[in-house]
Structures are given as C-alpha cells and as structure tokens.
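Each remark here refers to the structure printed beneath this line.
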Amino acid sequence: MGILENKARARLFYKYLSKVYDEINPFVWNEEMRDRALEWFDVGPEDVVLDVGCGTGFATEGLLSHTEHVHGLDQSAHQLERAFSKFGKRGPVTFYRGDAERLPFGEDSFDALWSSGSIEYWPNPVAALREFRRVVEPGGTVLVVGPDYPNSTLFQRLADAFEHHIQQRRPGTPRAITTVATVPGDPDAESGAGTEASVETGKPRSSEAADDSVEA
C-alpha cells in the first residue's frame, strides 16, 4: 500500500496541502483539461451529479456550468473547508464528508458520477468502483480521472475496456488518464418490472438524513 493509500495519512497530507492546493493543481490538472473532460462527461441541466473526492471544488465549479444539481464528497475536512469558502455551506452544492469506498447514499441516487484526482488515494479501487455502479442509475455516466495509464496489468485491462483519453498540460508534465463508462442497464427495468428512478427534487436518493451533510 502506498503512503497516501492509507486514509489517515492522506487526511494528514491534505491538512497541509489544502492551504496551497489551488495554486499547485493547475500545474497538473488545469481548466482546459477539466473542460475537455466535461465535454466527454456530457451531463445535462437536470442531471443530479456526485463529485467524489471533490477536494476544494475545482471540478465542482466546472460541473456547475452544466447542471445546478451537484453534490460533493471528500474525506478531508480541510479540503472541504476550502470548498466552503468558494461555495458557502448553504450554497449551490451539498457537501458530504465521506469515503469513496463506502458512499453514504442509496442505490441509483445519481444520474452521473465524476471523480478526478482521487482514485490514486483509494486503498481498494475496485470497492470504490462497485460503489460508483451502485449509486448511479442504469444508463448513467461515470467519469474517473487518474494519474496516467496504469502500470498494473489488471488496471490496464480495465482502462482498455472503456473509453479513455490521455491528457497532459504540456510535454514533460504529468499525464492523466480520463476514463468514461456507462452503468449497465437493469434487466428488471428493461422488462418493465423496475421501480421509478426519476429525479424530481434534485436531491440524492440517500439512506442518510439531510443533516448528515458536512458541517465545519
């Protein structure tokens, strides 16, 4: 396990990095790269979207230009404090402090899910990806940005199984791999036996109370 794949160490790391994160991040993942990924994500104005590993809200800000129904989740209270300073605690985004591998939402809660710059910190990425499939309704889009094409044979096969794009700010700078996938359809729903899954309130279908959203 890498140093930052330990969640406690990652939280400690971001306690200090959060102070300069917005100044450093553009050297690796800038607005042009984010906006290109948003084109591939292709969400509409009524889509309810979860931003996993939202950090200080760099991607969240981009998502808001496409839909007003954005929810952000991060494990770092310090990163979320920076997000609060941008969007407010009662602003356009509902924030949650939580774990990508144990998302605090019910099944089919979101129309789409975005996660950028987070997968490299998950001790068990497969568990997180299972959670993504669980909380996104069938036919919804999942987009994950990771640090370059993987070295692991297993994750190379996973990347090659889906649409993916290699992004780089300029030659010689770190590369990112952006993978886009569609959640498989529900056989019961296709046969007409499924339950209603439309979003009317712009809120996630969560098993948690609204009071569980993040407070500083």
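The values are calculated or read from the model by the stated rules, or taken from the named source; none is laboratory data. Here the structure is a predicted model, which means the values were calculated and not measured. Here the Cβ is made from the backbone with ideal geometry for all residues, glycine too, and neighbour counts use every protein chain on show.
Considering each of Leu113, Leu129, Leu143 in turn, give the residue that is touching a Gly at 6+ places or on another chain (Cβ under 9 Å), under 28 Å from Glu39 (Cβ atoms), aliphatic (A, V, I, L, M) and modelled with pLDDT of 85 or more.
Values: Leu129 fails: touching a Gly at 6+ places or on another chain (Cβ under 9 Å); Leu143 fails: touching a Gly at 6+ places or on another chain (Cβ under 9 Å).
Unique residue meeting the criteria: Leu113.
In this structure, does Ala159 turn out to be of a type outside the set (Val, Ile, Thr), touching an Asp or Glu at 6+ places or on another chain (Cβ under 8 Å) and either modelled with pLDDT of 80 or more or within 24 Å of Asp111 (Cβ to Cβ) (or both)? Walk me through how you get there before you give the answer.
On the way: of a type outside the set (Val, Ile, Thr): yes; touching an Asp or Glu at 6+ places or on another chain (Cβ under 8 Å): no; either modelled with pLDDT of 80 or more or within 24 Å of Asp111 (Cβ to Cβ) (or both): yes.
Spelling it out, it is not the case that Ala159 is of a type outside the set (Val, Ile, Thr), touching an Asp or Glu at 6+ places or on another chain (Cβ under 8 Å) and either modelled with pLDDT of 80 or more or within 24 Å of Asp111 (Cβ to Cβ) (or both).
Looking across Ala176, Ala128, one residue alone is hydrophobic (A, V, I, L, M, F, W, C), in a helix (DSSP H, G or I) and buried (at least 20 other Cβ atoms within 10 Å of the Cβ). It is Ala128.
Within region 88-97, restricting attention to residues that are of a type outside the set (D, E, K, R) and modelled with pLDDT under 95, the residue that is nearest to Gly140 (Cα to Cα) is Pro92. For region 56-68, filtered to residues that are more than 15 Å from Ala37 (Cβ to Cβ) and crowded, with 24+ Cβ neighbours inside 10 Å, the residue that is nearest to the chain's Cα centre (by Cα) is Gly57.
With respect to the conditions (1) surrounded by fewer than 17 Cβ atoms within 10 Å (Cβ to Cβ); (2) polar (S, T, N, Q); (3) in contact (Cβ under 8 Å) with a residue 12 or more places away in the chain, Ser85 falls short on a single one, namely (3).
Considering Asp47, Asp42, Asp51, which residue is surrounded by fewer than 23 Cβ atoms within 10 Å (Cβ to Cβ), under 22 Å from Gln167 (Cβ atoms) and modelled with pLDDT of 90 or more?
Just a single option satisfies the conditions, and that option is Asp42.
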